[in-house]
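> The structure's right below; bear with me while I get my questions together.
FYI, it's all coordinate maths here, none of it is from the lab. Worth saying up front: this structure is predicted, and the values here are computed from it rather than measured. Cβ coordinates were reconstructed from backbone atoms using ideal geometry, including for glycine residues, and neighbour counts include every protein chain displayed.
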Amino acid sequence: MSEINYIDAIRKALHDAMADDPGVFLYGQDIGAFGGAFKATKGLYETFPGRVLDCPISEDAMSGLALGAAIEGMRPVIEMQFADFSTVGLNQIINNCATHFYRTGIPAPVVFRLPSGGTPGSGPFHSQSMEALYAHYPGLIVFTPATVADAYSMLREAIAIDDPVIFCEHKLLYRWLKEDSIRGDGLPWHRARVARVGKHATVVTHAAMVHEALRAADQLSEDGWEIEVVDLRCAKPLDRTTILGSLARTGRLLALGEAFPFGGVTAEVVSIAATEGFELLDAPPQRLNSRDTPIPYQPDLWRAHRPTAESIQAALRRLLAF
Amino acid sequence: MTSPDLLLKAYCTMLLARRLEEKITAIYRAGGIAGGVYVGRGQEALSAALGHSLRRGVDIFAPLIRDQAGRLAFGEDPAEGPRTYLGRATGPMRGRDGNVHRGRPSEGMPAMISHLGTMTSVVCGMLLARRMQGRETGVGATSLGDGATSTGAFHEGLNLAAVEKLPLVMVVANNQYAYSTPTSRQFVCADLVDKAVGYGIQGHTCPGNDLSECLNTIGKAVADARGGGGPQLIVAPFLRLSGHGEHDDAFYVDPALREGPLGRDCVDIAREQVLASGAADEETLATMAGEIADIVATATATAQKDPLPDPYAETWQALKTSCPA
Ligand SMILES: Cc1ncc(C[n+]2csc(CCOP(=O)(O)OP(=O)(O)O)c2C)c(N)n1
Ligand SMILES: [Mg+2]
């Protein structure tokens, strides 16, 4: 069995979606014959002539175009070259695409692929995690897959969904994360997954941080701590049932995310725990995020900016000691 | 040369738009409308000419703030405006959006959002989709003001249309002001139409208050787009004959502009053109004015009688997809 990595899964999802539905097309910078900055579309230009289009550096127009195409019955998939540049298309995404169904009753099935998150040396403008920004706006669904199988199945689901989906794919996982197969567990997109079962504390997290959390849990298991890890998968809407179910088992919460600390997914998770799961808690719910500065370039600085297995472990030890 | 019949038809649309918006303004002044009222007074010739150059069912029209006339020309029910201003459940936006932010996207008329310039690329997407589907694309027309030409969205959209060689018709209604800002604070190019050269597309100009000229110029631009000539930029100077909205008395408008050729009312010019063309005489126009008054009265009365949305029955669903908690 050959190995398949996260970016292969994305490419295969795009391929299979295009093969299944002639309405699916890809629009983005350098995604044609070049195959995309991360090679997510490699070979698709040749396989699907006329359906993989290179576009000018116009994130606003790309995003508006996606809405127009969706109105006419297509299912556009927009590749932002980096999640960070999607801010140039923010207006079209949050004000035009996201409001369209509510205002007009006409659905807008568009997918924005956002190569997200930090990697060493990427610096302030090629590293951002933007799920909270998009999750804030009504009318958008936000995916943050953490596994190879989810990269495939959730992108297929994103394309099939009749609403705009922000698909945050993590760049650190692109080539590093490999599995034997893309076959997953069939969990529907709106369900979080218990990625590791435990009983002493729960880490609720998503995207690349799932793997840091699993490492931290491994390390703590040497001391006898059993840490549960919940992979949210979908940042909006949040699966409150799975979050609260896990807290019922462990009584302790660490909400973990790579994004900036103000607001965001971890704040929402803590809010759910505090308002709906108060009686389940044995300790004050905790959050761990990146630092509140732009994301630094130098790799050692970058590692100290984001949560890592070590800082997660330290946070969990404090939580367990409460 | 514009046919006398088309002149008359367009003039009739202009007058209907003028009277309808006067009625909406009257309701607003009586406190009957929440928010603002934005009228196309002065822009009716340009807007009607655009609407009448398009074919509903084939073409796309993304109207903007001052396109009541174009909307009617494109086939919008005269009650849609009043229903939307009054927030009625029967209007296309069902009270969820108001005033000029209305449309029927699945019928080729996207519903503008406030953010200026943004509808350009939406029209591009509609055209591109139709082309990919192997359908007749029709022409995709949209309009915006002198102020909106300063947005990034205008630039990105027009450039994208050029790159994709789309049959986009962009009408720039240069009414000399963006809210209170004169064009000198918006751009310094000698003529906005020179931008067409920069985008590698065809440019046209016509006096925006001259119906006959607007019909000629826009008719040609639409035909060029339809014939494969790519995007067309039309720049039409005239003067906004209202405030930005009906809350604004436009004290800042230069009196010299009001008195000059740009300040002439397009409805007066069109009336002269219709009479000169022989399409109608004074008596016919008087009858027509009576019919228009009836249409306006019926449209607004219908809207006023229509039901309001029920906040208790509202589903509060921003998504089509339903997902369990
Ligand atoms: C991006 C954006 N900025 C600001 C506004 C507020 N605004 C609405 S209309 C308007 C003036 C528009 O002027 P112009 O484009 O010349 O059109 P006109 O009103 O003259 O028809 C402004 C500033 C807006 N709608 N969108
Ligand atoms: Mg203006």
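> Under the Karplus relation 6.51 cos²θ - 1.76 cosθ + 1.60, θ = phi - 60°, what is the ordered set of whole-Hz ³J(HN,Hα) values for region A:30-44, x standing for Gly and Pro?
Computed from phi, the couplings for region A:30-44 are 6, 8, x, 4, 5, x, x, 4, 10, 6, 5, 10, 4, x, 6 Hz.
> Out of A:Val148, A:Val194, A:Val210, any idea which swings most in a Gaussian network model of chain A, alpha carbons joined below 10 Å?
A:Val194
> Quick check: Cα centre of region B:104-174 to Cα centre of region A:54-124, how many Å?
Spelled out, the Cα-based centre of one part sits 16 Å from the other.
> Quick one: check the C-alpha center-to-center distance for region B:26-92 versus region B:178-202, whole angstrom.
A separation of 26 Å, based on Cα centres.
> Something else now. With springs only between Cα atoms under 10 Å, which of A:Cys97, A:Cys234, A:Cys55 fluctuates most in a Gaussian network model of chain A?
Sorting by GNM fluctuation, first place goes to A:Cys55.
> According to the Kirkwood expression over distinct Cα-Cα pairs, how big is the hydrodynamic radius of chain A, in Å?
On the way: mean 1/r = 0.0504 Å⁻¹.
Mean inverse Cα-Cα distance, inverted, gives 19.8 Å.
> Continuing with this model, one more query. What whole-number distance in Å separates the alpha-carbon centres of region B:256-286 and region A:142-172?
59
> Using only the alpha carbons, work out the radius of gyration and Dmax of region A:4-179 in angstrom.
Both quantities, over Cα of region A:4-179: 14.6, 44 Å.
> Let me ask another. What is the list of residues in region B:18-35 whose amide nitrogen lies under 18 Å from a point 7 angstrom out from the Cα of B:His247, following Cα to Cβ?
Of the residues in region B:18-35, B:24-35 have backbone N under 18 Å from the label point off B:His247.
> Please list, in order along region B:56-65, the HN-Hα scalar couplings obtained from phi with the Karplus expression 6.51 cos²θ - 1.76 cosθ + 1.60 (θ = phi - 60°), rounded to whole Hz, x for Gly and Pro.
5, x, 10, 9, 10, 9, 9, x, 10, 3
> When only Cα pairs under 8 Å and 6 or more residues apart are kept, what is the percent relative contact order across chain A?
Normalised by residue count, the contact order of chain A is 16 percent.
> Ok, one more. Suppose R0 equals 60 Å. What FRET efficiency, 1/(1 + (r/R0)^6) with r the Cβ-Cβ distance, do B:Ala256 and A:Thr308 give to the nearest 0.05?
0.30
> Amide H neighbours of A:Arg75 under 5 Å, counting only residues 5+ apart in sequence or on other chains, H built in-plane at 1.01 Å?
Counting only residues 5 or more places away or on other chains, the set is A:Val24, A:Phe25.
> Using only alpha carbon pairs under 8 Å that are at least six residues apart, calculate the relative contact order of region B:32-94 and give it in whole percent.
Here the relative contact order equals 34 percent.
> Given points 7 Å out from each Cα along the Cα-Cβ axis, report the B:Glu291 to B:Ala30 separation in nanometres with one decimal.
The modelled label-to-label distance comes out at 2.6 nm.
> Provide, for chain A, the number of lysine pairs with alpha carbons under 24 Å apart, each pair being eight or more places apart or on different chains.
Lysine pair count for chain A: 9.
> Same structure again: Among all stretches of chain A without exposed GluC sites (Glu not before Pro) (DSSP loop, at most 11 other Cβ atoms within 10 Å), which one is longest?
Value returned for the longest uninterrupted segment is A:4-221.
> Another one. Whose amide H sits under 5 Å from the amide H of B:Ala141, counting only residues 5 or more places off or on another chain, with H placed in the peptide plane?
B:Ile60, B:Phe61, B:Ala62, B:Val169
> Looking at chain B as a GNM with Cα springs under 10 Å, which of B:Gly57, B:Gly260, B:Gly108 has the largest mean-square fluctuation?
In the Gaussian network model the winner is B:Gly260.
> Then there's this: Restricting everything to alpha-carbon atoms, can you work out Rg to Rh for the protein assembly as shown with a Kirkwood hydrodynamic radius?
So for the protein assembly as shown, dividing Rg by the Kirkwood Rh gives 1.05.
> Hey, could you grab the Kirkwood Rh for region B:23-176? Inverse mean 1/r over distinct alpha carbon pairs, Å, one decimal.
15.8
> Tell me which GluC sites (Glu not before Pro) from region B:281-317 have a DSSP coil assignment and no more than 13 other beta carbons within 10 Å of their own.
Passing both the DSSP loop test and the Cβ count: B:Glu314.
> In whole Hz and in residue order, list the ³J(HN,Hα) couplings for region A:247-259 that follow from phi through the Karplus curve 6.51 cos²θ - 1.76 cosθ + 1.60, θ = phi - 60°; x for Gly and Pro.
Values per residue, Gly and Pro as x: 5, 5, 7, 10, x, 9, 10, 10, 8, 10, x, 8, 6 Hz.
> Something else now. Skipping prolines and chain starts, which residues have an amide H placed within reach, meaning under 5 Å, of the one on A:Leu53, given they are 5 or more residues away or on another chain?
Amide H neighbours of A:Leu53: A:Leu26, A:Tyr27, A:Gly28.
> What whole-number value in cubic angstrom gives the convex hull volume per residue for the C-alpha atoms of chain B?
Values: hull volume 48.2 nm³, N = 325.
That works out to 148 Å³ per residue.
> Hey, another quick one. Taking N as the number of residues in region A:193-320, what is its Cα Rg relative to 2.2 N^0.38 Å?
On the way: Rg = 13.6 Å, N = 128, 2.2 N^0.38 = 13.9 Å.
Output field value: 0.98.
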